[in-house]
Amino acid sequence: MTQAELQKYRKISGAGHKTSITEQTFRITSGFLNIVWMFTFGWILALVHFVSAVINLAFFWMIFTIPNISGNWKLMSVALMPFNKVIVPSEIAKEIRIAISRNQLNI
């Protein structure tokens, strides 16, 4: 989940606070760091997670490789662009995305 999604949810729920100059600076800096990371090491780590997911898929008949497939698949985006990410439980992320969608559709 990105900071932008979290900010939208805070704004919708009324729990939002004003964005400070420090947060804006952090957002710009993390965007720059994402670009630098992506072109230096990020693509290598994302490729390793992709290859690992494919290898685990080849061994799907082993029960313990099934969770590794989804874990590696989810970690590809984090390995590619790790800055400005918020790690939250999947249930909370689902609720936040539903609330944002409801607000966009005026439901």
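Of all the numbered requirements in (1) β-branched (Val, Ile, Thr); (2) over 15 Å from Thr2 (Cα atoms); (3) part of a helix (DSSP H, G or I), Ile107 misses one, and that requirement is (3).
A Cβ distance below 8 Å, combined with a sequence gap of six or more or placement on separate chains, defines the contacts here; from segment 27-54, residues that are over 19 Å from Thr2 (Cβ atoms) reach residues that are among the β-branched types (Val, Ile, Thr) and surrounded by 14 or more Cβ atoms within 10 Å (Cβ to Cβ) in the pairs Ala53/Ile69. Residues in segment 72-90 that are free of Cβ contacts under 8 Å to residues at least 12 places away in the same chain and surrounded by 14 or more Cβ atoms within 10 Å (Cβ to Cβ): Val78 alone. Within segment 35-61, the set of residues being open to solvent by 60 Å² or more (accessible area, probe 1.4 Å), part of a helix (DSSP H, G or I) and more than 14 Å from Phe83 (Cβ to Cβ) comprises Trp43, Ile44, Leu47, Val48, Phe50, Val51, Val54, Ile55, Leu57, Ala58.
The values are calculated or read from the model by the stated rules, or taken from the named source; none is laboratory data. Computed from a prediction, not measured in an experiment: that's the story for all the values here. Cβ atoms come from the backbone with ideal geometry, glycine included; neighbour counts cover every protein chain shown. Just the protein is used for accessible areas: all its heavy atoms, side chains included, with ligands, DNA and RNA removed. Shrake-Rupley method; radii C 1.70, N 1.55, O 1.52, S 1.80 Å.
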